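Data block below; observations after.
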Amino acid sequence: MGRINDFFVRHVWAPIVLGVVVASVVTWALFGGNPVAAVVRACLYSAAGLGFMLARRRKEKRAAGGSMDRLVRVEQRLRAGETPSDPEDRRIMREIVERRLHQTRNRVPALVFLALLFAGITVLTGFTASPWRTVGLAVFGVVFLGWMIWNSNRQTHRLRTMRDALQSDPAPTAARPADGPPVHPAA
(Lines give C-alpha, C1' and ligand atoms only; values in the text may rest on other atoms or scores of the structure.)
Protein backbone atom coordinates (compact mmCIF):
# COMPACT_ATOMS: atom_id res chain seq x y z
CA MET A 1 0.00 0.00 0.00
CA GLY A 2 2.91 2.33 0.70
CA ARG A 3 4.18 2.02 -2.86
CA ILE A 4 0.75 2.95 -4.21
CA ASN A 5 0.58 5.99 -1.91
CA ASP A 6 4.09 7.06 -2.96
CA PHE A 7 3.11 6.69 -6.63
CA PHE A 8 0.01 8.87 -6.08
CA VAL A 9 2.09 11.52 -4.26
CA ARG A 10 4.68 11.65 -7.05
CA HIS A 11 2.19 11.56 -9.92
CA VAL A 12 -0.77 13.81 -9.17
CA TRP A 13 -2.41 12.84 -12.46
CA ALA A 14 -2.84 9.19 -11.39
CA PRO A 15 -5.59 9.70 -8.77
CA ILE A 16 -7.36 12.06 -11.17
CA VAL A 17 -7.34 9.44 -13.94
CA LEU A 18 -8.52 6.79 -11.48
CA GLY A 19 -11.27 9.14 -10.31
CA VAL A 20 -12.37 9.82 -13.89
CA VAL A 21 -12.58 6.10 -14.61
CA VAL A 22 -14.58 5.38 -11.44
CA ALA A 23 -16.82 8.42 -11.98
CA SER A 24 -17.44 7.37 -15.57
CA VAL A 25 -18.45 3.86 -14.56
CA VAL A 26 -20.71 5.09 -11.74
CA THR A 27 -22.30 7.78 -13.96
CA TRP A 28 -22.91 5.29 -16.74
CA ALA A 29 -24.26 2.64 -14.32
CA LEU A 30 -26.67 5.06 -12.63
CA PHE A 31 -27.85 7.05 -15.61
CA GLY A 32 -27.25 4.71 -18.53
CA GLY A 33 -27.09 6.08 -22.03
CA ASN A 34 -23.98 6.54 -24.09
CA PRO A 35 -20.79 5.47 -22.23
CA VAL A 36 -18.74 8.02 -24.20
CA ALA A 37 -20.98 10.81 -22.89
CA ALA A 38 -20.43 9.54 -19.33
CA VAL A 39 -16.65 9.68 -19.81
CA VAL A 40 -16.86 13.18 -21.29
CA ARG A 41 -19.01 14.38 -18.36
CA ALA A 42 -16.63 12.84 -15.82
CA CYS A 43 -13.64 14.47 -17.56
CA LEU A 44 -15.30 17.88 -17.53
CA TYR A 45 -16.20 17.53 -13.85
CA SER A 46 -12.63 16.49 -13.05
CA ALA A 47 -10.90 19.39 -14.85
CA ALA A 48 -11.43 21.77 -11.93
CA GLY A 49 -10.28 19.09 -9.50
CA LEU A 50 -7.10 18.57 -11.48
CA GLY A 51 -6.31 22.30 -11.46
CA PHE A 52 -6.90 22.48 -7.71
CA MET A 53 -4.73 19.42 -7.04
CA LEU A 54 -1.86 20.71 -9.20
CA ALA A 55 -1.87 24.12 -7.48
CA ARG A 56 -1.97 22.52 -4.03
CA ARG A 57 0.82 20.07 -4.88
CA ARG A 58 2.99 22.88 -6.27
CA LYS A 59 2.63 24.83 -2.99
CA GLU A 60 3.42 21.77 -0.88
CA LYS A 61 6.41 20.94 -3.05
CA ARG A 62 7.66 24.51 -2.62
CA ALA A 63 7.17 24.21 1.17
CA ALA A 64 9.21 21.00 1.09
CA GLY A 65 12.16 22.81 -0.47
CA GLY A 66 11.19 22.20 -4.09
CA SER A 67 12.00 18.51 -3.99
CA MET A 68 9.39 15.85 -4.76
CA ASP A 69 11.51 13.25 -2.96
CA ARG A 70 11.43 15.33 0.21
CA LEU A 71 7.66 15.78 -0.10
CA VAL A 72 7.27 12.00 -0.48
CA ARG A 73 9.35 11.46 2.69
CA VAL A 74 7.20 13.98 4.56
CA GLU A 75 4.06 12.16 3.38
CA GLN A 76 5.49 8.80 4.48
CA ARG A 77 6.38 10.13 7.92
CA LEU A 78 2.99 11.76 8.29
CA ARG A 79 1.18 8.52 7.41
CA ALA A 80 3.42 6.52 9.77
CA GLY A 81 3.15 9.10 12.56
CA GLU A 82 6.95 9.54 12.76
CA THR A 83 8.12 12.89 14.07
CA PRO A 84 11.28 14.02 12.22
CA SER A 85 14.35 14.77 14.29
CA ASP A 86 16.18 17.03 11.83
CA PRO A 87 15.26 20.70 12.48
CA GLU A 88 14.78 21.41 8.76
CA ASP A 89 12.54 18.37 8.33
CA ARG A 90 10.58 19.42 11.42
CA ARG A 91 10.07 22.90 9.98
CA ILE A 92 8.88 21.45 6.67
CA MET A 93 6.56 18.99 8.43
CA ARG A 94 5.19 21.75 10.68
CA GLU A 95 4.52 24.02 7.70
CA ILE A 96 2.75 21.30 5.70
CA VAL A 97 0.70 20.14 8.70
CA GLU A 98 -0.40 23.70 9.52
CA ARG A 99 -1.24 24.35 5.86
CA ARG A 100 -3.39 21.22 5.67
CA LEU A 101 -5.13 21.92 8.98
CA HIS A 102 -5.90 25.41 7.72
CA GLN A 103 -7.33 23.97 4.50
CA THR A 104 -9.63 21.64 6.46
CA ARG A 105 -11.03 24.27 8.82
CA ASN A 106 -14.43 24.22 7.04
CA ARG A 107 -14.69 20.46 6.62
CA VAL A 108 -17.78 19.97 8.82
CA PRO A 109 -19.95 22.53 6.98
CA ALA A 110 -18.67 21.11 3.68
CA LEU A 111 -19.64 17.57 4.70
CA VAL A 112 -23.08 18.76 5.83
CA PHE A 113 -23.55 20.58 2.50
CA LEU A 114 -22.46 17.45 0.63
CA ALA A 115 -24.95 15.33 2.61
CA LEU A 116 -27.77 17.78 1.84
CA LEU A 117 -26.75 17.85 -1.81
CA PHE A 118 -26.80 14.05 -2.07
CA ALA A 119 -30.14 13.89 -0.25
CA GLY A 120 -31.65 16.51 -2.55
CA ILE A 121 -30.40 14.81 -5.69
CA THR A 122 -31.71 11.46 -4.46
CA VAL A 123 -35.15 12.92 -3.72
CA LEU A 124 -35.32 14.65 -7.10
CA THR A 125 -34.18 11.47 -8.82
CA GLY A 126 -36.95 9.63 -6.99
CA PHE A 127 -39.50 11.97 -8.58
CA THR A 128 -38.18 11.59 -12.11
CA ALA A 129 -36.51 8.17 -12.43
CA SER A 130 -37.10 4.51 -11.71
CA PRO A 131 -37.03 3.19 -8.12
CA TRP A 132 -33.91 1.11 -8.87
CA ARG A 133 -31.99 4.16 -10.01
CA THR A 134 -33.12 6.06 -6.91
CA VAL A 135 -32.09 3.22 -4.60
CA GLY A 136 -28.75 2.92 -6.39
CA LEU A 137 -28.10 6.63 -5.98
CA ALA A 138 -29.14 6.53 -2.32
CA VAL A 139 -26.82 3.58 -1.59
CA PHE A 140 -23.97 5.28 -3.44
CA GLY A 141 -24.57 8.51 -1.49
CA VAL A 142 -24.61 6.76 1.90
CA VAL A 143 -21.47 4.74 1.16
CA PHE A 144 -19.62 7.72 -0.33
CA LEU A 145 -20.56 10.08 2.52
CA GLY A 146 -19.69 7.45 5.12
CA TRP A 147 -16.28 7.00 3.56
CA MET A 148 -15.78 10.78 3.30
CA ILE A 149 -16.62 11.31 6.98
CA TRP A 150 -14.45 8.41 8.12
CA ASN A 151 -11.49 9.53 5.98
CA SER A 152 -11.89 13.18 7.00
CA ASN A 153 -11.88 12.29 10.70
CA ARG A 154 -8.87 9.99 10.26
CA GLN A 155 -6.83 12.59 8.36
CA THR A 156 -7.71 15.40 10.77
CA HIS A 157 -6.76 13.24 13.76
CA ARG A 158 -3.46 12.35 12.06
CA LEU A 159 -2.67 16.02 11.37
CA ARG A 160 -3.57 17.16 14.90
CA THR A 161 -1.50 14.36 16.44
CA MET A 162 1.50 15.34 14.33
CA ARG A 163 1.03 19.04 15.17
CA ASP A 164 0.97 18.20 18.89
CA ALA A 165 4.04 15.97 18.53
CA LEU A 166 5.94 18.71 16.70
CA GLN A 167 5.04 21.27 19.38
CA SER A 168 5.65 19.11 22.44
CA ASP A 169 8.87 17.42 21.32
CA PRO A 170 11.23 20.26 20.48
CA ALA A 171 14.36 19.51 18.50
CA PRO A 172 17.70 20.02 20.25
CA THR A 173 18.72 23.65 19.95
CA ALA A 174 21.96 25.40 20.60
CA ALA A 175 22.56 26.07 24.28
CA ARG A 176 23.67 29.62 25.03
CA PRO A 177 25.82 30.33 28.08
CA ALA A 178 24.95 33.53 29.89
CA ASP A 179 27.98 35.40 28.60
CA GLY A 180 29.03 33.74 25.36
CA PRO A 181 28.13 32.47 21.92
CA PRO A 182 25.88 29.46 21.42
CA VAL A 183 27.34 26.06 22.19
CA HIS A 184 26.12 23.36 19.81
CA PRO A 185 25.55 19.87 21.19
CA ALA A 186 28.08 17.27 20.10
CA ALA A 187 26.99 15.24 17.11
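The values are calculated or read from the model by the stated rules, or taken from the named source; none is laboratory data. All figures in this text were calculated on a predicted structure; none of them were measured in a lab. As a convention, Cβ positions derive from the backbone with ideal geometry for all residues, glycine included, and neighbour counts pool all protein chains shown. All accessible areas refer to the heavy atoms of the entire protein, side chains included, with ligands and DNA or RNA removed. Shrake-Rupley method; radii C 1.70, N 1.55, O 1.52, S 1.80 Å.
From the list ARG62, ARG77, ARG105, the lone residue that is out of contact with any Cys (no Cβ under 8 Å at 6 or more places or on another chain), free of Cβ contacts under 8 Å to residues at least 24 places away in the same chain, part of a helix (DSSP H, G or I) and within 20 Å of THR161 (Cβ to Cβ) is ARG77. Of the residues SER46, SER67, SER85, SER24, the single one that is touching a Gly at 6+ places or on another chain (Cβ under 7 Å) and either polar (S, T, N, Q) or farther than 24 Å from ARG154 by Cα (or both) is SER46. Entry remark, region 8-46: residues being under 15 Å from PHE140 (Cβ atoms) and among the hydrophobic types (A, V, I, L, M, F, W, C) number 10 in total. For region 53-88, filtering for residues that are open to solvent by 40 Å² or more (accessible area, probe 1.4 Å), of a type in the set (Asp, Glu) and within 18 Å of PHE8 (Cα to Cα) leaves 1. When each of ALA115, ALA110 is tested for being at pLDDT 90 or above, open to solvent by less than 70 Å² (accessible area, probe 1.4 Å) and under 15 Å from the mean Cα position of the chain (by Cα), the lone residue that passes is ALA110.
Can you say whether THR173 is modelled with pLDDT of 90 or more and more than 30 Å from TRP28 (Cβ to Cβ), as far as the supplied structure shows? It is false that THR173 is modelled with pLDDT of 90 or more and more than 30 Å from TRP28 (Cβ to Cβ).
So, ALA42, is that one farther than 30 Å from SER130 by Cβ and of a type in the set (A, V, I, L, M, F, W, C) or not? In short, no.
Yes or no, residue by residue, for (1) open to solvent by less than 80 Å² (accessible area, probe 1.4 Å); (2) closer than 19 Å to THR27 by Cα:
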site: THR104; (1), (2): yes, no
site: ARG133; (1), (2): no, yes
site: VAL139; (1), (2): no, yes
site: VAL142; (1), (2): no, yes
site: TRP147; (1), (2): no, yes
site: TRP150; (1), (2): no, no
site: GLN155; (1), (2): yes, no
